1. Please indicate, with yes or no, whether at least one residue in segment 4-16 is within 23 Å of GLY94 (Cβ to Cβ) and modelled with pLDDT of 95 or more.
Amino acid sequence: MTMVEETTAPIAGAVLVVDDEPGLRFPISEVLRDAGVVVLEAGNADEALELLQSDRSIRVVFSDVRMPGTMDGVGLATAIESAQLNITVILASGNPPVLTDPFRPIITKPYSLDLVSAQILRALNSPDDGKNSAPYTPSF
């Protein structure tokens, strides 16, 4: 039995998976979908920002750090934090250490799909402080 199968709590909210490599984006998305999670996908931070502006159900963003476009995963995380959204950002990179901020941990690639999906599910099932339900349109 995988860690995802052991999770029995109801799942609230959606996950946005952001990675420019479909071979990395699709597997984690499928594992999460199999666990009953609504998953949206983006190939870069620009697409992710568009989805974040239009879909208020997103509670967790799982993003690669290095991607093409106007910003990388760290920039995306900073934009989300600056907009004061109640969204957990989980970053992954095949080139650690890319971050010096001890408060923003990073998952090292290659990663275990079970471990990453369990971490995402924990974030989805954590208490919501109500910020996500406020009538707020993020401006990135």
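1. Here is the first cut: in segment 4-16, the ones within 23 Å of GLY94 (Cβ to Cβ) are 4, 15-16.
Okay, now just the ones that are also modelled with pLDDT of 95 or more, so 15-16.
Looking for residues that are within 23 Å of GLY94 (Cβ to Cβ) and modelled with pLDDT of 95 or more, one finds at least one in segment 4-16, hence yes.
Quick grid of which residues meet (1) of a type in the set (Asp, Glu); (2) modelled with pLDDT of 90 or more; (3) under 25 Å from ARG33 (Cβ atoms):
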{"site": "LEU51", "(1), (2), (3)": "no, yes, yes"}
{"site": "ARG59", "(1), (2), (3)": "no, yes, yes"}
{"site": "MET67", "(1), (2), (3)": "no, yes, yes"}
{"site": "ALA77", "(1), (2), (3)": "no, yes, yes"}
{"site": "ASP101", "(1), (2), (3)": "yes, no, no"}
{"site": "ARG122", "(1), (2), (3)": "no, yes, yes"}
{"site": "GLY130", "(1), (2), (3)": "no, no, no"}
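The values are calculated or read from the model by the stated rules, or taken from the named source; none is laboratory data. It should be emphasised that the depicted structure is a prediction, and the values quoted were computed from it without experimental measurement. Backbone-built Cβ (ideal geometry, glycine too); neighbour counts: all protein chains shown.
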